[in-house]
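Novice: A single structure is presented below for examination.
The values are calculated or read from the model by the stated rules, or taken from the named source; none is laboratory data. Because the structure is predicted, anything quoted here is derived from the model rather than measured. Note: ideal-geometry Cβ built from the backbone for every residue, glycine included; neighbour counts use all protein chains shown. Accessible surface areas use protein heavy atoms only, side chains included; no ligands, DNA or RNA. Shrake-Rupley method; radii C 1.70, N 1.55, O 1.52, S 1.80 Å.
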Amino acid sequence: MYIMTASPQEQTPAQTQQTGGHPQRWLILGVICLAQLTVLLDNTVLNVAIPSLTRELGAATSDIQWMINAYSLVQSGLLLTAGSAADRYGRKKMLIVGLALFGVGSLVAGLADSTAQLIAARAGMGVGGALLMTTTLAVAMQIFAPEEQPKAIGIWAAVNSLGFATGPLIGGFVLNHFWWGAIFLINLPVAALGLVAVVALVPESKAATSRGTTPGLPVQGDRPDLLGAVLSTTGMASLVFAIISGPEHGWTSGRVMTPAAVAVVVLAAFGYWESRIPHPMLDMHFFRDRRFTGAVAGAVLITFGMGGSLFLLTQHMQFVLGYGPLEAGLRTAPLALVIVALNFTGLSAKWSTRLGTPVSIGLGMAVMAGGLVSIATISSGGYAGTLLGLLLIGAGAAVASPAMAHAIMSSIPPEKAGVGAGINGTVAEFGQGLGVAVLGAVLNARFAALISVAAVSLPGALAEAGSAEERARITDAFASGLESSQLVGAVAVLLGGLVAAALLRRAERADSA
C-alpha cells in the first residue's frame, strides 16, 4: 500500500485504477524522462572530452579512467539501496534529493580545477543518478493504470536508448563551441526545471510501515536494512569494477581477480542475509517466481548483446569502415531513432499487447539477434549491412526491452516498486558490462590468433606494420574478430529470448491453472 500526505494530487492505487491513472500522468512522465535523459547522457558524454581533460587538467590515463568509472561504479553499486530508500522514505522525496545531488555534482564538476575534484564530483553525480534511475521508473508504475503501463515503460525505455546514442553527439557539439566544463553545466537548467516540476506535479508514494497499515496488505519493517544496503553496494561496485578492469588489465590479473572474489563473497553474504531477516531489502522469494526469473534472465542477455555489440560497432565503423568519431556516432543514430519512433507512437506497446509478453520478448530478441548477424556478416562491404542490422536491433529492442522491464516490475508487489526499478537497473548495468567484457575478449582472442601475436591493440599493430599489405592484413584480422564477437552476441541474445519466453510462458500457464 502507499502512505499518502494531504496533497490533492496524490492518489491511492484504487483511485488510480478508477480514474485511468493520475490526471497529469503524461506531463509527469515527460518530467521524469527529462531527468532520466540527463543521467543517461552523463554515462557517455565524458568520453569525447578525454583529449581536453588530458590537456587542460594534466590528467593521466589512470585519472581519466577514474573520472569515467567513478560515476558508473557509484551508480551501479547504489541502485538497489536507492530503490529501497525510495520505497521507504517516499519516491517523490528521493526524486527531489536525486535531482539536487545531480545538479550540485554537475556544478562542482563543471567548475573543477583538478582531477581529484572532478572524480569526487562524478561520484556525487553517481549517487544522484542512482536515485533518479530507480525513482523515475517506480513513479511511472504508480501514476499509470495497468493497461497504460506498457506504453509508459516503452517511452521510458526509449529515452534510455536516446540518451545512450546522443551523449557523444551532444558532447562533441558542446566541445566545439565551449570549454570542457560546459558538458556538465548544461545539466543545471535541466535539474532546476526538473526540481520545480517534481515539487509541483509528482505525487508522493511509499511503502507502508507497520504503523497505520491496512489489514491484509504487506508491511515493511520499521528498521531499514542497513547491512543489506552495505553488502549490496559493496558487492555490486566490486563486480562492476572487475568487469571494467578486465579488458585493460587481463582477466587473470590481481586487479580483476581480487574485486571479483570480493564481489562473489559479499553478494553471497547479501543473499544469505536477505533470506534470513524478516523484512529484507530484496525479498529472495522473488526468484521463485518464473515470471521474475525469466524476465531477469532475458534482461541480462538483451543488455549483454546490446551493450557489447554497440561497443564493438563503434570500433567497426572507425577502424574497418574508416569513419571519424562524429560520423560513426551519426551512423549509429538509426538504432535509437527506431526505438524512439516505435515506443513514442505506442506501436511497440500495441504489438506487445497483441502478442503477449512471452512472444514479444522472444520475437524481439530474435529480431535483435538477426540484426547482430547482419552487422557481422554483410557489413564488410560498406554501411548498408550495418544500417540493416541497426534497424533490426532497434525494432527488436523497442518491443523486447519494455516488455522485459514491465515483466520485472509487474512481478514485484507495488510497495516494492523502487526495489523493482533498482533490480531492473542493476540487471542492465551488469548485462552491459558483461557484454563489453566477454565480446571484447572474443574480439581480442580472435584478432591475436590471426596476427600471431599474444596480445596487441589494433592501433599498436598498425603502427608496427611495415607495408600497406601488412596493414590490410591486420585490418582484416580485426574485422574477423569483430565478426566472431558479434556472432557470439547474437547467439546469446537469441538464447536469452528463448529462455525468457519459455519461463514467462510457464508462469502464465501456472497463473491461469
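Novice: Mind checking the angle between helix 325-344 and the chain's longest principal axis? C-alpha axes, 0 to 90 degrees, to the nearest 10.
Specialist: Once rounded, one gets 30 degrees.
Novice: While we're looking at this one, here's another question. State to the nearest 20 debye the size of the charge dipole of the stretch 281-395 about its Cα centre, where the only charges are +1 on K and R beta carbons and -1 on D and E beta carbons.
Specialist: It comes to approximately 300 debye.
Novice: Let me ask something else about it. Sorting check: for 256-267, 464-475, 405-416, which peptide has the highest mean count of neighbouring beta carbons within 10 Å, and how do the rest follow?
Specialist: Values: 256-267: 17.0, 464-475: 12.8, 405-416: 21.9.
The most tightly packed comes first, giving 405-416, 256-267, 464-475.
Novice: Give me the one-decimal nm value for the distance between modelled label points at E147 and V264, 7 Å along each residue's Cα-to-Cβ direction.
Specialist: Label at E147, label at V264, 5.1 nm between them.
Novice: Round to the nearest 10 and give me the degree value, 0 to 90, for the angle of helix 91-111's Cα axis relative to the longest principal axis of the chain.
Specialist: The angle comes out at about 30 degrees.
Novice: Follow-up. Hey, what's the stretch 24-129 come to in accessible area per residue, 1.4 Å probe, Å²? Write out the running numbers ahead of the final one.
Specialist: Values: 3550 Å² over 106 residues.
Ligands and nucleic acids excluded, the result is 34 Å² per residue.
Novice: Between L188 and S512, how high is the FRET efficiency from 1/(1 + (r/R0)^6) when r is the Cβ-Cβ distance and R₀ = 51 Å? Nearest 0.05. Write down the numbers at each step before the final one.
Specialist: Values: r = 51 Å, r/R0 = 1.00.
My answer for the efficiency is 0.50.
Novice: Could you tell me the relative contact order of the stretch 94-208? Use alpha-carbon pairs under 8 Å, at least six residues apart, and round to a whole percent. Intermediate values should be presented prior to the final figure.
Specialist: Numbers: 91 pairs, mean separation 43.8, N = 115.
That works out to 38 percent.
Novice: Dipole of the chain (Lys/Arg Cβ +1, Asp/Glu Cβ -1, origin at the Cα centre): which of I378, V399, V436 lies farthest to the positive side?
Specialist: V399
Novice: Near A510, within a Cβ-to-Cβ distance under 12 Å, what is the net charge of the other residues, with Lys and Arg +1 and Asp and Glu -1?
Specialist: Values: positive: R288, R290, R291, R505, R506, R509; negative: D289, E508, D511.
After counting each charged neighbour, the total is +3.
Novice: Provide the net charge surrounding W179, with neighbours chosen by a C-beta distance below 15 Å and charges set as Lys +1, Arg +1, Asp -1, Glu -1.
Specialist: With Lys, Arg at +1 and Asp, Glu at -1, the neighbours total -1.
Novice: Determine, for each peptide in 272-279, 432-439, the mean count of other beta carbons within 10 angstrom over its residues, then list the peptides with the highest first. All intermediate terms of the calculation are to be shown ahead of the outcome.
Specialist: Values: 272-279: 13.2, 432-439: 23.5.
So the peptides 272-279, 432-439, ranked by packing, come out 432-439, 272-279.
Novice: Rounded to the nearest 500 deg cm²/dmol, what is the calculated helix-only ellipticity per residue at 222 nm for the chain, with -39500 (n - 2.57) per DSSP H run of length n ≥ 4? Walk me through the intermediate numbers first.
Specialist: Numbers: 19 runs with 400 residues, N = 513.
When only DSSP H runs of four or more count, the value is -27000 deg cm²/dmol.
Novice: Using Cα pairs under 8 angstrom and six or more residues apart, how large is the relative contact order of the stretch 279-396, in percent? Walk me through the intermediate numbers first.
Specialist: Details: 79 pairs, mean separation 29.2, N = 118.
That works out to 25 percent.
Novice: Which aspartates and glutamates does K92 reach when only Cα atoms under 15 Å apart count, and residues fewer than 8 places away in its own chain are ignored?
Specialist: E10, E204, E415
Novice: Still on this model: Rounded to the nearest 10 degrees, what's the angle between the helix 61-89 long axis and the longest principal axis of the chain, both from Cα atoms, 0 to 90?
Specialist: Rounded to the nearest ten degrees, it is 20.
Novice: Highest first, please rank the peptides 73-84, 339-350 by the mean number of other Cβ atoms sitting within 10 Å of their residues. Kindly include the intermediate steps, with their values, before the conclusion.
Specialist: Values: 73-84: 26.8, 339-350: 20.4.
Sorting 73-84, 339-350 by mean packing, highest first, produces 73-84, 339-350.
Novice: Can you compute 3J(HN,Hα) from phi for each residue in the stretch 358-365, using the Karplus curve 6.51 cos²θ - 1.76 cosθ + 1.60 with θ = phi - 60°, rounded to whole Hz and x for Gly and Pro?
Specialist: x, 5, 4, 5, x, 5, x, 6
Novice: Only Cα pairs under 8 Å and at least 6 apart count here; give the relative contact order of the chain as a rounded whole percent. Numbers along the way, then the final one.
Specialist: On the way: 857 pairs, mean separation 108.2, N = 513.
Dividing the mean separation by the residue count of the chain yields 21 percent.
Novice: Using a Förster radius of 41 Å, what is the FRET efficiency between Q117 and H177 based on their Cβ-Cβ separation? Nearest 0.05, please. Before the final figure, lay out each step's value.
Specialist: Numbers: r = 24 Å, r/R0 = 0.58.
It comes out at approximately 0.95.
Novice: Provide D87, D476 ordered by accessible surface of protein heavy atoms (probe 1.4 Å), highest first. Working shown, then result.
Specialist: On the way: D87 5, D476 100 Å².
Descending accessible area places them as D476, D87.
Novice: S467 to Q65: extension gain in nm, 0.36 nm per residue of separation minus the Cα-Cα distance? Please list the in-between numbers first.
Specialist: Details: separation 402, 0.36 × 402 = 144.72 nm, distance 3.37 nm.
Answer, rounded to one decimal: 141.3 nm.
Novice: Here's something else I'd like to know. Can you tell me the FRET efficiency between D476 and A502 if r is taken as the Cβ-Cβ distance and R0 is 56 Å, rounded to the nearest 0.05?
Specialist: Working: r = 39 Å, r/R0 = 0.70.
Plugging the Cβ-Cβ distance into 1/(1 + (r/R0)^6) gives 0.90.
Novice: How would you classify the stretch 286-359 from its alpha-carbon gyration tensor, with a ≥ b ≥ c the square roots of the eigenvalues: rounded for a/c under 1.5, else prolate if a/b is greater than b/c, otherwise oblate?
Specialist: On the way: a/c = 4.26, a/b = 1.69, b/c = 2.52.
Note, shape of the stretch 286-359 comes out oblate.
Novice: Could you check the simple spin-label distance between L495 and L34, using points 7 Å along Cα→Cβ, in nm with one decimal?
Specialist: Those two pseudo-labels are separated by 4.4 nm.
Novice: Please turn the phi angles of the stretch 401-410 into ³J(HN,Hα) values with the Karplus equation 6.51 cos²θ - 1.76 cosθ + 1.60 (θ = phi - 60°), one per residue in order, whole Hz, x for glycine and proline.
Specialist: 5, x, 4, 5, 4, 5, 5, 5, 5, 6
Novice: Extending each Cα 7 Å along its Cβ direction at T252 and L347, get the distance between those two points in nm, one decimal.
Specialist: Going by the 7 Å Cα→Cβ label model, 5.0 nm.
Novice: Starting from the exponent 0.38 and prefactor 2.2 Å, build the expected Rg for the stretch 65-212 from its residue count and divide its actual Cα Rg by it. Each step should come with its number before you reach the end.
Specialist: Details: Rg = 16.4 Å, N = 148, 2.2 N^0.38 = 14.7 Å.
After normalising by residue count via 2.2 N^0.38 Å, the value is 1.12.
Novice: Which of the lysines could a cross-linker bridge to K151, judged by Cα under 19 Å and excluding same-chain residues fewer than eight apart?
Specialist: List returned: K350.
Novice: Moving to a separate point now. How big, in percent, is the set of alpha carbon pairs in the chain lying more than 28 Å apart? Provide the component values of the computation, followed by the final result.
Specialist: Values: 70855 of 131328 pairs.
Of all Cα-Cα distances in the chain, 54 percent exceed 28 Å.
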